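Shown next, in structure tokens, is the structure this report addresses.
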Amino acid sequence: MNTTNQNTTGLPNIEKTVWLLIDVLKKATSFLEIRDIESARLNAERLLAHALNVTRVDLYLRYDQPLEPAERENYKSLLHRRANGEPLQYILGETEFMSLAFSVNPAVLIPRPETESLVELVIRRYAGRGPVRMLDIGTGSGAIAVSLAHYCPQAEIFAVDVSTEALTMAEHNADANSVAQRIHWIHGDLFSPEFVQVLDGSFDVIISNPPYVSLNEWDGLPVEIRSHEPRLALCDEGDGLAAYRRLARISSDLLSDSGCIYVEVGDTQAATVMRYFKEAGLVDLKIHPDLNGIGRIVEGRGAGGYRNFE
């Protein structure tokens with residue numbers, strides 16, 4: 001590698017030297033570390049693999065390969081996007097959830113590991129059982145609905161979202177994971193008076209990861225989230241509990257007599273959400289912790305007939 005001066009960005013001055021793949025990767029890692037990007041090396045590797053359209057393993061098999069000028073420029077552009085806070089998943093256009101591949105863009109929330117705990121709980125309860133109707137409220141990228149369809153092949157899935165862009169992405173992910181034939185996509189607003197009528201039926205399972213960030217909490221979120229992920233999918237512009245109150249009110253209209261509801265909640269919300277569900281007439285209430293021991297999932301079962309929650 002020839003010696004070269006550094007430009008003001010901290011990246012190599014690629015016009016004045018030939019840079020081998022391994023050298024570029026080292027410099028990119030340092031560039032991201034200086035800008036406090038978590039897992040800088042992994043980010044640098046994944047972005048370079050994306051720029052070259054190869055796997056991460058290929059990077060090390062080709063470590064002494066020089067990068068072409070167009071490849072270096074493309075990689076520089078990707079690194080700057082990441083350094084400026086754009087989520088890695090949006091830059092790559094994809095992420096993994098429940099060991100399945102999902103396309104993502106700024107119209108949909110990036111699926112989180114906490115939501116995998118929610119899906120895994122439902123799969124443990126219903127995989128291998130007879131036919132079951134499941135409703136995913138606020139499907140976003142389709143991560144929940146597609147995963148349930150994949151791991152519970154006997155299930156008929158209904159997935160609803162207020163965003164038409166999100167539904168388009170969810171349908172794409174269902175096609176890519178070969179489960180589209182068992183998912184019904186519905187455009188609907190949870191807070192609309194016609195929501196229950198739009199769904200037209202009762203369900204054995206309701207599962208939801210609704211917006212639970214409060215307006216007071218919004219400004220405290222990392223800029224990477226606030227500036228890039230869809231606010232509609234994160235914040236309810238109130239106390240962060242509006243969706244749970246609404247779900248409690250309509251649960252008896254949507255659940256079969258022995259149907260169950262499972263919702264993901266914020267760090268401090270589990271007890272309050274469980275109280276809403278109890279007042280709505282749901283029974284067998286449980287709080288399930290995530291991998292960090294935080295109450296993350298609230299579960300309840302329908303008792304039928306009770307509709308007086310206010």
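In the chain, the alpha-carbon atoms span a convex hull of 139 Å³ per residue. Each listed q (0.15, 0.17, 0.26, 0.28 Å⁻¹) maps to a log10 I(q)/I(0) for the range 14-84 from the Debye sum over equal C-alpha point scatterers, namely -0.42, -0.54, -1.27, -1.43.
When each of Arg82, Arg124 is scored by the number of other beta-carbon atoms lying within 10 Å, the sequence from fewest to most is Arg124, Arg82.
Given the rule -39500 (n - 2.57) for each run of at least 4 DSSP H residues, summed and divided by the residues of the chain, what is its mean residue ellipticity at 222 nm, to the nearest 500 deg cm²/dmol?
On the way: 13 runs with 125 residues, N = 310.
Result for the chain: -11500 deg cm²/dmol, rounded to the nearest 500.
Taking the DSSP beta bridges in the chain as the whole, what percent of them are antiparallel, to the nearest 5?
On the way: 16 of 37 bridges.
In the chain, DSSP labels about 45 percent of beta bridges as antiparallel.
Considering only Met134, Leu61, Ala49, and ranking their Cα positions along the charge dipole of the chain that arises from unit charges at the beta-carbon of Lys, Arg, Asp and Glu, the one farthest toward the positive end is Leu61. Counting neighbouring beta carbons within 10 Å and listing from fewest to most, the residues Trp19, Trp218 come out as Trp218, Trp19. Rounded to the nearest 20, the Cβ-based charge dipole of the chain about its Cα centre (Lys and Arg +1, Asp and Glu -1) stands at 500 debye.
Using the crude model of +1 on Lys and Arg Cβ and -1 on Asp and Glu Cβ, and no other charge, please compute the dipole size for the range 14-84 relative to its Cα centre, in debye to 20. Provide the component values of the computation, followed by the final result.
On the way: 12 positive and 11 negative charges, 28 e Å.
Result for the range 14-84 is approximately 140 debye, rounded to the nearest 20.
Placing +1 on the Cβ of every Lys and Arg and -1 on the Cβ of every Asp and Glu, with nothing else charged, gives the range 219-298 a dipole about its Cα centre of roughly 200 debye. Here the gap between Glu86 and Arg41, fully extended at 0.36 nm per residue and compared with their Cα-Cα distance, gives a gain of 14.6 nm.
When the chain is treated as a GNM with alpha-carbon contacts under 10 Å, the residue of Ser214, Ser192, Ser103 showing the greatest mean-square fluctuation is Ser192. I'd like the distance between the alpha-carbon centres of the range 54-82 and the range 159-211, rounded to an integer number of Å. So the separation of the two Cα centres works out to 38 Å.
For an R0 of 41 angstrom, estimate the FRET efficiency from the Cβ-Cβ distance between Val223 and Asp257 and round to the nearest 0.05. That gives a FRET efficiency of 0.30.
If we sort 260-266, 274-280 on the protection proxy, mean other Cβ atoms within 10 Å, highest first, what's the order?
Going by the mean number of other Cβ atoms within 10 Å, highest first, we get 260-266, 274-280.
With coordinates expressed along the principal axes, the C-alpha atoms belonging to the range 176-310 extend over 43, 37, 31 Å, beginning with the largest.
How do Phe191, Phe31 rank when sorted from fewest to most other Cβ atoms within 10 Å of their own Cβ?
Details: Phe191 11, Phe31 21.
Ordered from fewest to most neighbouring Cβ atoms within 10 Å, Phe191, Phe31 come out as Phe191, Phe31.
Coordinate-derived values only; no laboratory data. These numbers come from a predicted model, not from an experiment. Neighbour counts run over all protein chains shown; Cβ positions are idealised from the backbone, glycine included.
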